[in-house]
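Participant: I have a structure here, written as structure tokens, and I will follow up with some questions on it.
Nothing in this text is a laboratory measurement; each read-out follows from the coordinates by a stated rule. Computed from a predicted model, the values in this text were never measured in an experiment. Virtual Cβ from ideal backbone geometry, glycine too; neighbours counted across all protein chains shown.
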Amino acid sequence: MAKILVIDDESSIRRTLKEILEFEKYEVDLAANGMDALELAKGTAYDVILLDIKMPEMDGMEVLEELQKFTDCPVIMISGHGTIETAVEAIKKGAYDFIVKPPDLNRLLITLRNAIDKKELVNQTKTLKKEIEKRYEIVGKSPSILQLKDMIARVAPTSARVLIAGENGTGKELVARQIHEQSTRQKSPFLEVNCAAIPSELIESQLFGHEKGSFTSAIKQRRGDFELAHGGTLFLDEIGDMSLSAQAKVLRALQENKITRVGGEKEIPVDVRVLAASNKNLPEEIKKGNFREDLYHRLSVIVMQVPPLRERLDDIPLLVQYFIDELSSMQGKPNKNITDDALKMLQTFGWTGNIRELHNVVERLLILCDKEITEEDIETFVKPLML
């Protein structure tokens, strides 16, 4: 049941609104002045606030400004002295809507419903954002991870390009995500392109887009990822697998901040921060003629090395507990305890698949083990499958 606070100095208005809203199955609190209303709003989570403008001592505009300091609850202003100027001022100060007294019942109920829907969407967005942030959290307290986190915090607010190096499964995408989330571009798009997963003949279309008719299957114009990430961050994962022709176009885009669609002639300006990652030794790839040296220098303003799991074994207990919590929540099952002996045994393996392999192992144990994960379970379900 949605909870509504009605703020009005006229007792007849308060009483009428309370009766109407309670008939519509809303829960209603009343306040006769601004100070009482602020005390109620600080102690209760309301879904919508109805606020009169003309009140003694503290008027509605002042109350609205105070409410904005501690709550994101939608505020609907109501007034018997409504003018266009007053309504515009209220909206500018953050009010959700403005209704003239005496309020039209249908208009009031529709506005309330829309405001509640907006509040629910805002709450859902916040919840999803927290889940995403948790999903891309870098877990660990080992010296190498603390050093990496410190480097991210220093580099993220800048516009510097970053090359993220590390083995498969070490969490290079997490580093890229953290750089984006801690940057000034965090509210803009973050796009990831797996250069190893896209055929070489399609990578240019993926990155730069194409014009209609530029090749056989180009039945309509398509914007590329450089355009779609405008104002935000473009993460080029496994860039060491990109074709040389695509590398040349990426280099030009980085040099000139302009791209040209496949089959097109028009230059399109783009504002994109490029982060790149590779599990290959790019200096070695340059020697072999597989990677452009000039592109490497453009990308490697900052180089971050993500340590493999075998070099941060002390983090395994934290990672295992993190994965147990995450997977149990996703599967809707209670958490399982893991014994100290089981954790110590997990710390003896080589972990060639790094964090990704550990995640899969924890998921396997949660499915196959009973209430507690023991050393015997590691012997049975993990050790035989380790490379």
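Participant: Work from the charge dipole of the chain (Cβ charges, +1 for Lys and Arg, -1 for Asp and Glu, about the Cα centre) and give the residue of A156, N33, V193 farthest towards its positive end.
Facilitator: Farthest towards the positive pole: V193.
Participant: To continue, here is another question. Need the full-extension length gain, D72 to N290, defined as separation in residues times 0.36 nm minus the C-alpha distance. One decimal, nm.
Facilitator: On the way: separation 218, 0.36 × 218 = 78.48 nm, distance 5.32 nm.
Stretched fully, the D72-N290 segment lengthens by 73.2 nm.
Participant: With label points built 7 Å along Cα→Cβ from the Cα atoms of Q347 and F381, find their separation and express it in nm.
Facilitator: Output for this residue pair reads 2.2 nm.
Participant: For the charge dipole of the chain, defined by +1 on Lys and Arg C-beta atoms and -1 on Asp and Glu C-beta atoms about the Cα centroid, which residue among N279, H210, I373 has the Cα displaced farthest towards the positive pole?
Facilitator: Ranked along the dipole, the leading option is H210.
Participant: Using DSSP, restrict attention to beta bridges with both residues in the chain and report what percent are antiparallel, rounded to the nearest 5.
Facilitator: Counting only bridges with both partners in the chain, antiparallel ones make up about 10 percent.
Participant: What are the ³J(HN,Hα) couplings of segment 8-25, residue after residue, when phi is run through the Karplus curve with 6.51, -1.76, 1.60 and θ = phi - 60°? Round to Hz, x for glycine and proline.
Facilitator: 7, 7, 8, 4, 5, 5, 4, 5, 5, 5, 4, 5, 5, 6, 5, 5, 8, 6
Participant: Along segment 53-67, what does the Karplus equation 6.51 cos²θ - 1.76 cosθ + 1.60 (θ = phi - 60°) give for ³J(HN,Hα), rounded to whole Hz, x for Gly and Pro?
Facilitator: So the J values, rounded to whole Hz, are 8, 8, 9, x, 6, 10, 7, x, 5, 5, 5, 4, 4, 5, 4.
Participant: Which cross-chain or sequence-distant (5 or more) residues have an amide H under 5 Å from the amide H of M304, H modelled 1.01 Å from N in plane?
Facilitator: L163, I164, A165
Participant: Still on this structure: Can you return the lysines within cross-link range of K333? Criterion is Cα-Cα under 22 Å, with same-chain partners fewer than 8 residues away left out.
Facilitator: K130, K134, K371
Participant: For segment 223-277, compute the orientation-averaged projected area of the C-alpha convex hull (one quarter of its surface), in nm².
Facilitator: Values: hull surface 14.7 nm².
Average projection, Cα convex hull of segment 223-277: 3.7 nm².
Participant: Same structure again: For the chain, give the magnitude of the charge dipole about the Cα centre (Cβ charges: +1 Lys/Arg, -1 Asp/Glu; no others), in debye to the nearest 20.
Facilitator: So the dipole magnitude of the chain works out to roughly 1280 debye.
Participant: Could you tell me the number of lysine pairs in segment 159-307 with C-alpha atoms less than 18 Å from each other, where the two lysines are 8 or more residues apart or belong to different chains? Write down the numbers at each step before the final one.
Facilitator: Values: K172/K280; K212/K220; K212/K266; K220/K266; K249/K258; K249/K266; K258/K266; K280/K288.
Going through segment 159-307 pair by pair, I get 8.
Participant: Only Cα pairs under 8 Å and at least 6 apart count here; give the relative contact order of segment 159-307 as a rounded whole percent.
Facilitator: Working: 280 pairs, mean separation 55.0, N = 149.
37 percent.
Participant: Based on the alpha-carbon gyration tensor of segment 164-204 and its eigenvalue square roots a ≥ b ≥ c, which shape applies: rounded if a/c is under 1.5, prolate if not and a/b is larger than b/c, or oblate?
Facilitator: oblate
Participant: Residue by residue, what Karplus-based ³J(HN,Hα) values in Hz, rounded to whole numbers, does segment 171-184 have, using 6.51, -1.76 and 1.60 with θ = phi - 60° and x for Gly and Pro?
Facilitator: x, 5, 5, 4, 4, 4, 4, 5, 4, 5, 5, 9, 9, 6
Participant: Take each of the peptides 173-180, 245-252, average the number of other beta-carbon atoms within 10 Å over its residues, and list them starting from the highest.
Facilitator: Numbers: 173-180: 22.5, 245-252: 18.0.
Those peptides, ordered most packed to least, come out 173-180, 245-252.
Participant: Under a crude label model (7 Å from the Cα following the beta-carbon direction), how far is F23 from L313 in nanometres?
Facilitator: Once both label points are built, they end up 7.4 nm from each other.
Participant: Given points 7 Å out from each Cα along the Cα-Cβ axis, report the T44 to N194 separation in nanometres with one decimal.
Facilitator: 5.1
Participant: Under the rule of at least 5 residues apart or a separate chain, name every residue whose amide H is placed under 5 Å from the amide H of V28.
Facilitator: Long-range HN contacts for V28: I4.
Participant: Further question on the same structure: If the only charges are +1 at each Lys and Arg Cβ and -1 at each Asp and Glu Cβ, what is the size of the charge dipole of segment 310-385 around the Cα centre, to the nearest 20 debye?
Facilitator: Rounded to the nearest 20 debye, it is 240 debye.
Participant: Now, a different point. Using 1/(1 + (r/R0)^6) with R0 = 25 angstrom and r between the beta carbons of E267 and S243, what's the FRET efficiency to the nearest 0.05? Could the numbers behind the result be given before it?
Facilitator: Values: r = 22 Å, r/R0 = 0.87.
Once rounded, the FRET efficiency stands at 0.70.
Participant: Compute, for segment 63-215, the length of the dipole vector about the Cα centre, with Cβ point charges of +1 (Lys, Arg) and -1 (Asp, Glu) only. Units Debye, rounded to 20. Display every interim value, and only then the final one.
Facilitator: Values: 22 positive and 20 negative charges, 72 e Å.
That gives segment 63-215 a dipole magnitude of about 340 debye.
Participant: When ranked by the protection proxy of mean other Cβ atoms within 10 Å per residue, highest first, what sequence do the peptides 364-376, 118-130, 307-319 form?
Facilitator: 307-319, 364-376, 118-130
Participant: List the residues, sorted by chain then number, that are 5 or more residues from L51 or on another chain and whose placed amide H is less than 5 Å from its amide H.
Facilitator: HN-HN under 5 Å from L51: I7, I76, M77, I78.
Participant: Looking at the square roots a ≥ b ≥ c of the eigenvalues of the Cα gyration tensor of segment 130-221, which shape do they give, rounded for a/c under 1.5, prolate if a/b is larger than b/c, or oblate?
Facilitator: Numbers: a/c = 2.71, a/b = 2.13, b/c = 1.27.
Since a/c reaches 1.5 and a/b is larger than b/c, the shape of segment 130-221 is classed as prolate.
Participant: Which entry is the computed semi-axes √(5λ) of the Cα gyration tensor in Å for this structure: [x] 51, 33, 18; [y] 38, 24, 22; [z] 53, 26, 20?
Facilitator: Recomputing semi-axes √(5λ) of the Cα gyration tensor in Å here gives the entry labelled [x].
Participant: Work from the charge dipole of the chain (Cβ charges, +1 for Lys and Arg, -1 for Asp and Glu, about the Cα centre) and give the residue of N106, V301, L387 farthest towards its positive end.
Facilitator: Of the options given, the answer is V301.
Participant: Set the Förster radius R0 to 25 Å, insert the Cβ-Cβ distance between E62 and K187 as r into 1/(1 + (r/R0)^6), and round the FRET efficiency to 0.05.
Facilitator: E between E62 and K187, to the nearest 0.05, is 0.25.
Participant: Right, here's the next one. What whole number of Å gives the distance from the Cα centroid of segment 209-279 to the Cα centroid of segment 301-346?
Facilitator: After rounding, the separation between the Cα centres reads 36 Å.
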